[in-house]
Amino acid sequence: MSALLWILLVVGVAVNLASNLAMRGELTPVGLAGGVVGLAAAAGLVVHHVNRRRP
């Protein structure tokens, strides 16, 4: 599960970065979707980490 979340995080951030660089900072649906995927994956990683640490 964590490997999938890491992959989603990297892909989401890469798509967001590429979109922002290509459009010179303009907000685009592709960049927004990449950012949402990246944020969701980061939140999922935090939740996964916290749940694994509980006794």
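Data for the structure
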item: Residues that are open to solvent by 40 Å² or more (accessible area, probe 1.4 Å) and either without any contact (Cβ under 8 Å) to a residue 24 or more places away in the chain or closer than 16 Å to Ala3 by Cα (or both), drawn from the stretch 30-41; result: Val30, Leu32, Ala33, Val37, Leu39, Ala40
item: Hits in the stretch 1-34 (condition: of a type outside the set (S, T, N, Q), in a loop (DSSP other than H, G, I, E, B) and either in contact with a Lys or Arg (Cβ under 9 Å, 6 or more places away or on another chain) or farther than 23 Å from His48 by Cα (or both)); result: Met23, Arg24, Gly25, Glu26, Leu27
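The values are calculated or read from the model by the stated rules, or taken from the named source; none is laboratory data. Model, not experiment: these values are computed from the prediction. We place every Cβ from the backbone using ideal geometry, glycine too, and count neighbours over all the protein chains shown. Accessible surface is based on the protein model in full, side chains and every heavy atom, while ligands, DNA and RNA are left aside. Shrake-Rupley method; radii C 1.70, N 1.55, O 1.52, S 1.80 Å.
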